[in-house]
Amino acid sequence: VRNRNFVHPLSIQGVAFEHTLFYESDFADELLSLLHEERNAVFIIAIIYILTVISLFYLNLNFERRYFQNLAEKDSMTGLLNRRGLEIEFKKPCRYQFEGIAVFDIDNFKKINDTYGHEKGDEVICFVADQMRAVLRDMDAVFRFGGEELFTKLNWRSLRGSWLDVRVWHDASQQNTL
């Protein structure tokens with residue numbers, strides 16, 4: 001709205017005067033005057049705003065990329081890495097002197113599914129996945145390869161350590177029977 005006139009009775013700290021304050025307002029002129037007088041401050045505010053928006057966009061983009069990458073690499077039921085996660089893990093450079101693989105299959109899994117139902121079968125798979133995560137180290141990786149097949153990539157600094165670890169894992173798997 002251009003050329004708005006404001007007429008207000010003049011009063012200061014509750015004391016009324018017989019005078020009237022008249023002010024003619026032109027929004028465009030006021031804005032231009034503000035921008036001219038405070039152009040440095042307005043420029044700095046605009047730069048801060050633009051940088052903030054770009055930073056938030058970048059953070060959101062990275063968060064979404066990590067979220068969808070994690071979704072694509074992990075099995076939704078067990079949280080273990082899936083086949084895509086396996087491919088990515090084997091493309092990484094070798095960081096340890098010895099690497100090994102182990103494939104696990106849940107014995108009599110079809111019988112479990114047929115007797116107790118698929119829901120209980122899923123619980124068994126999740127239980128086995130949790131047990132494997134509890135026994136394996138951070139440097140190892142566990143994958144759900146499909147159905148009830150699980151796959152591990154094991155890493156060691158020495159060959160002697162590998163035999164000791166395999167024995168510990170074997171003993172742990174024998175103790176947790178269903």
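The values are calculated or read from the model by the stated rules, or taken from the named source; none is laboratory data. Please read all numbers here as calculations on a predicted model, not as lab measurements. Because the Cβ atoms are built from the backbone with ideal geometry, glycine has one as well, and the counts that use them run over all protein chains shown. SASA here: full protein model, heavy atoms, side chains in, ligands and nucleic acids out. Shrake-Rupley method; radii C 1.70, N 1.55, O 1.52, S 1.80 Å.
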Inter-part distance where region 106-146 and region 26-100 are each reduced to a Cα centre, Å: 35
Straight-distance crosslink candidates among aspartates and glutamates, where the alpha carbon sits under 14 Å from Lys91 and sequence neighbours closer than 8 are dropped: Glu73, Glu99
Could you work out the local net charge near Ile106, counting Lys and Arg as +1, Asp and Glu as -1, over the other residues with Cβ closer than 14 Å to its Cβ? -4
Could you name the lysines in cross-link range of Lys111, using Cα to Cα under 24 Å and dropping any fewer than eight places away on the same chain? Lys120
Diffing region 37-45: the Karplus 3J(HN,Hα) column from phi (6.51, -1.76, 1.60, θ = phi - 60°), in whole Hz with x for Gly and Pro, holds 6, 10, 4, 5, 5, 5, 5, 5, 4
Share of alpha-carbon pairs per 10 Å distance bin for region 41-94, given as whole %: 22, 27, 21, 16, 12, 3
Using a 1.4 angstrom probe and counting only protein chains, how large is the accessible area of Ser11 in Å², to 10? 70
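Hey, if we sort Phe68, Phe143, Phe109, Phe57 by accessible area with the 1.4 Å probe, largest down, what's the order?
Phe57, Phe68, Phe109, Phe143
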Enter the accessible area per residue of region 12-156 (Å², integer; probe 1.4 Å; all protein chains in place). 76
Give me, ordered by chain and number, the residues 5 or more places off Phe145 or on other chains with an amide H under 5 Å from its own placed amide H. Leu150, Phe151
